[in-house]
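Notes follow once the structure below has been shown.
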Amino acid sequence: MTFAEIKKILSDKVVGVAGCGGLGSNAAVALARVGIGKLIIADFDVIVESNLNRQYFFYEQIGQKKCFALKENINKINPNCIVEAHDIKLTASSILELYAKVDVMIEAFDKAEMKEMLLRTMLHYLPHIPLIMGSGLAGWGNAHLIREHVFDNVYIFGDGEYEVSENLPPLAPRVGIVANMQANKALELLLK
C-alpha cells in the first residue's frame, strides 16, 4: 500500500485521545503525520516546564492549556487534520458524549483511577470501539520489556511493571516508544 493510499483511507477516520500529556501528545502527532482525518483530544491540564522532557510541546507554550497547544502543534504539522480540542476533565458521561463515534480510542492518562474509569466506561458502553492503553513506561532502558498485551478489544502497551514514581520518572524515550506503539496499533486497526 502506498503512502497516498494510506492517507486516503485514514482521511475519513476519527481517533479519540483521552489525555494530552506524554502518551497523548506523541500518539496524536504520530497519527497526524500519517494523515488521520480527525482527532478528538481532551485534557484540562496546563503545560509546565517539567512536561517538556516527554511531551510534544515547546518552551514558549508553558502556561497554555495542553489541548489547545497540541491542536496548534498538529495544525503546523498537518493542517488537513481536523483537531477537536476539549478543555475538560473527562468523566464517564463526557467520554460517552465526546467519543461515542470514534473509530479507535487511545487512553493517555497519568492516574490509574482515570485509566480504570475510561476502561470501565468503554467496556460497558462502547465495547465495539478498540481501546489502546499504556501502562508501565517509567524510567529508562529495558525497551525489550515493552510489549503489547491483548484482552479482547483492549490493547495495552508497556512493560506492565515500571510505574511512575519520584525515583522512576516518565522520560521521553520510553514514553515515546509506548506512544508510538499506541499510534501504530491504531494504524493497524484502521488499515486492516
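Laboratory data are not the source of any read-out in this text; all were calculated from the coordinates shown. Quantities reported herein were computed from a predicted structural model and do not represent experimental measurements. Positions of Cβ are backbone-derived with ideal geometry, glycine not excepted, and every protein chain shown enters the neighbour counts.
Looking at region 1-25 only, could you name the residues that are crowded, with 24+ Cβ neighbours inside 10 Å and in a helix (DSSP H, G or I)?
Correct list: Gly22, Leu23, Gly24, Ser25.
Could you say whether any residue in region 143-153 is in contact (Cβ under 8 Å) with a residue 40 or more places away in the chain and of a type in the set (Val, Ile, Thr)?
no
For region 18-40, give me the residue count where each residue is out of contact with any Leu (no Cβ under 6 Å at 6 or more places or on another chain), within 19 Å of Ile156 (Cα to Cα) and not polar (S, T, N, Q).
8
Just for region 108-140: of the residues that are outside any helix (DSSP H, G or I) and among the aromatic types (Phe, Trp, Tyr), which one is surrounded by the most Cβ atoms within 10 Å (Cβ to Cβ)?
Taking the candidates together, the pick is Phe109.
Taking the stated definitions as given, is Phe109 within 16 Å of Gly19 (Cα to Cα), more than 14 Å from the chain's Cα centre (by Cα) and not charged (D, E, K, R)?
So Phe109 fails the test.
For the list (1) under 13 Å from the mean Cα position of the chain (by Cα); (2) on the phi > 0 side of the Ramachandran plot, I need the number of the one condition that Ala42 fails.
Evaluating Ala42 over (1) under 13 Å from the mean Cα position of the chain (by Cα); (2) on the phi > 0 side of the Ramachandran plot leaves (2) as the failure.
Given (1) closer than 24 Å to Met181 by Cβ; (2) touching a helix residue (DSSP H, G or I) at 6+ places or on another chain (Cβ under 6 Å), identify the lone condition not met by Val29.
(2)
In contact with a His (Cβ under 6 Å, 6 or more places away or on another chain) and within 21 Å of Ser25 (Cα to Cα): which single residue out of Ile156, Ile146 fits that description?
Numbers: Ile146 fails: in contact with a His (Cβ under 6 Å, 6 or more places away or on another chain).
Exactly one of Ile156, Ile146 is in contact with a His (Cβ under 6 Å, 6 or more places away or on another chain) and within 21 Å of Ser25 (Cα to Cα), namely Ile156.
What tally of residues in region 161-184 results from selecting those that are of a type in the set (A, V, I, L, M) and in a loop (DSSP other than H, G, I, E, B)?
So the count comes out to 2.
List the residue pairs whose Cβ atoms are under 7 Å apart, where the first residue sits in region 107-129 and is under 20 Å from Val175 (Cβ atoms), the second is assigned to a helix (DSSP H, G or I) and not basic (Lys, Arg), and the two are 6 or more positions apart or on different chains.
Glu107/Leu118; Ala108/Leu23; Ala108/Gly24; Ala108/Ala27; Phe109/Leu118; Leu118/Ile95
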